[in-house]
Amino acid sequence: FFYDQAGQKGSFTEYQLKEIKKSSWARILCDNVGRDFDSVQPLAFLQPTDSDGANPYANCLDEGMIPKVNLTLF
C-alpha cells in the first residue's frame with residue numbers, strides 16, 4: 001500500500017503503521033454508528049455463521065475481538 005512506504009516526507013512511523021493496521025470496519029462502526037449500536041461481528045462485511053461459530057457477534061467494548069486504534073500516536 002502507498003501509506004506504508006518509509007523514508008518519504010511525511011511517512012508514518014513504525015508505531016503509527018502498527019496502529020493503522022489494527023483498524024477495521026467493525027471498529028469504525030462501533031465508534032461511529034451511535035449509542036444503541038453495541039455489538040458487531042469482527043469481520044463486519046461477512047455474516048456470522050451458526051453452523052461453525054465463525055465470525056460471532058462481539059461487544060464493541062471487547063478490544064480482544066475488535067481492537068481500538070491509539071490515536072495519540074498521530
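The values are calculated or read from the model by the stated rules, or taken from the named source; none is laboratory data. Values in this document were obtained by computation on a predicted structure and should not be read as measured data. Glycine gets a Cβ as well: all are built from the backbone with ideal geometry, and neighbour counts include every protein chain shown. Calculation scope for accessible area: heavy atoms of the full protein, side chains included, ligands and nucleic acids excluded. Shrake-Rupley method; radii C 1.70, N 1.55, O 1.52, S 1.80 Å.
Among the residues here, ILE20 does not qualify as touching a residue at least 40 places away in the same chain (Cβ under 8 Å), in a loop (DSSP other than H, G, I, E, B) and of a type in the set (A, V, I, L, M, F, W, C). Does segment 51-61 include one or more residues that are open to solvent by 80 Å² or more (accessible area, probe 1.4 Å) and touching a helix residue (DSSP H, G or I) at 6+ places or on another chain (Cβ under 6 Å)? No - not one qualifying residue is present in segment 51-61. Here segment 30-45 is the region considered, the condition is being open to solvent by 100 Å² or more (accessible area, probe 1.4 Å) and either in a loop (DSSP other than H, G, I, E, B) or touching a strand residue (DSSP E or B) at 6+ places or on another chain (Cβ under 8 Å) (or both), and the residue that is nearest to GLU19 (Cα to Cα) is LEU43. Return yes when LYS22 is modelled with pLDDT under 95, of a type in the set (Lys, Arg) and surrounded by 13 or more Cβ atoms within 10 Å (Cβ to Cβ) and no when it is not. Here the answer is yes, as LYS22 does meet what is asked.
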